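Just below is one structure, and these are the notes that go with it.
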Amino acid sequence: MILEENYTLSNGVEIPKLGLGTWMIDNDEVAEVVKDALEIGYRHIDTAQAYQNESGVGDGIKESDIVREDIFVTTKIAAELKSYGEAAASIDESLKKMGLEYIDLIIIHSPKPWAEFHGEDHYLEGNKEVWKALEEAYQAGKVKAIGLSNFEKVDVENILEYCTVKPMVNQVLAHISNTPHDLIQYSEDNDILVEAYSPMGHGELFKNEKVKEMAEKYDVSIPQLCIRYGLQLGLLPLPKSGNPEHIKSNAEVDFSISEEDMEFLKNMEKIEDYGDASVFPVYGGEM
């Protein structure tokens, strides 16, 4: 059962192979969603400073019947914070908002502020400052693991050349029809686990007839096919849902996609238009 399986990060910390994403779940609703997921068997909850629901996530963890040590909690330093002082203060603020003594994983949400996501400036010096704050929080025991999100190769290289503690994860947009194979390989070559957000392509894959046919072939739902695809690539999928039935169904992925079908899915035509989601920087064009 996938909910009982873990990956091991480069520092030896175990991280559940499937996580619950909480983007766009309101703070006053997220505690109940977290409690539902934990009751179903999830042990990995992913939030961010930018989601503005950290306190609700913390409430859900505290109100659940699961002991804190058995829950893996991730948050992200806001993309706009690119100085040591801002980043260090934000880590303490996240701990305070969530009411936790430590956070399992903190990552830099983006190498660039969202408004400049497609710009030329990679904020190399700013990201080094943020990384310094993360390393210090890690050494102080405030966080068990540290990592990156939305970092391209040049951004990862910048951290690897500078760091004393290597990044343990890189969380990126990765799904059927849009899988950054080169970045995944580069990350894996450097012992960095790749987490995959939006495994259903922000809902666009529900419209894809080839994906629908493949799901029917395996007698699974489209989300189950998408999540299994990520797992078979060695990624850590982070499906987001506020619906308990969907949360449960998303974890029922004990089947295998054949090598031939994996090759087909890996080489599917790329989604060019994410519809309404294209207003968000990660969906609005090439990374």
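The numbers here are math on the coordinates, done by the rules we state, and not lab data. Quick caveat: nothing in here was measured; it's all calculated off a predicted structure. As a convention, Cβ positions derive from the backbone with ideal geometry for all residues, glycine included, and neighbour counts pool all protein chains shown.
Worth pointing out:
- Furthest towards positive pole of dipole, 137, 2, 221, structure part the chain, Cβ charges: 137
- Taking every DSSP bridge with both residues inside the stretch 35-180, close to 5 percent are antiparallel.
- Along the axis of the charge dipole computed for the stretch 140-287 (Cβ charges of +1 for Lys and Arg, -1 for Asp and Glu, origin at the Cα centre), the listed residues 281, 246, 206 are led at the positive end by 246.
- Among 208, 53, 170, residue whose mean-square fluctuation peaks in a GNM of the chain (springs only between Cα atoms under 10 Å): 208
- Contact order normalised by residue count of the stretch 104-224, Cα under 8 Å, 6+ apart, percent: 20
- Using C-alpha pairs under 8 Å with a sequence gap of at least 6, the mean separation divided by the residue count of the chain gives a relative contact order of 18 percent.
- The dipole here belongs to the chain: it is taken about the Cα centre, uses +1 on the Cβ of Lys and Arg and -1 on the Cβ of Asp and Glu, and is about 340 debye.
- Once you reduce the stretch 59-82 and the stretch 131-208 to the center of their Cα atoms, the two points are 18 Å from each other.
- Remark: the stretch 161-258 carries a charge dipole of roughly 260 debye about the Cα centre, counting +1 on each Lys and Arg Cβ and -1 on each Asp and Glu Cβ.
- Anchor residue 212: aspartates and glutamates whose Cα lies under 16 Å away (excluding residues fewer than 8 positions away in-chain): 204, 261, 269
- Straight-line cross-link reach from residue 217 at under 22 Å between alpha-carbon atoms covers these lysines, not counting any fewer than eight positions away in the same chain: 207, 248, 266, 270.
- Estimated D of the stretch 2-268 in µm² per second, where Rh is the Kirkwood radius over Cα pairs and Stokes-Einstein applies at 37 °C, 0.692 mPa s: 176
- Interchain or long-range residues, amide H under 5 Å from residue 104's placed H: 73, 144
- Average projection, convex hull of the Cα set of the stretch 1-112: 7.1 square nanometres.
- Rounded to the nearest 20 debye, dipole of the stretch 1-111 from Cβ charges on Lys, Arg, Asp, Glu: 400
- The string of couplings for the stretch 123-135 from the Karplus curve (6.51, -1.76, 1.60, θ = phi - 60°) is 6, 4, 5, x, 5, 5, 5, 5, 5, 4, 5, 5, 4 Hz, one whole number per residue in order, with x for Gly and Pro.
- Taking a straight Cα-Cα cut-off under 18 Å and skipping sequence neighbours fewer than 8 places away in the same chain, the aspartates and glutamates within cross-link reach of residue 112 are 80, 86, 120, 121, 125, 129, 152, 155, 157, 286.
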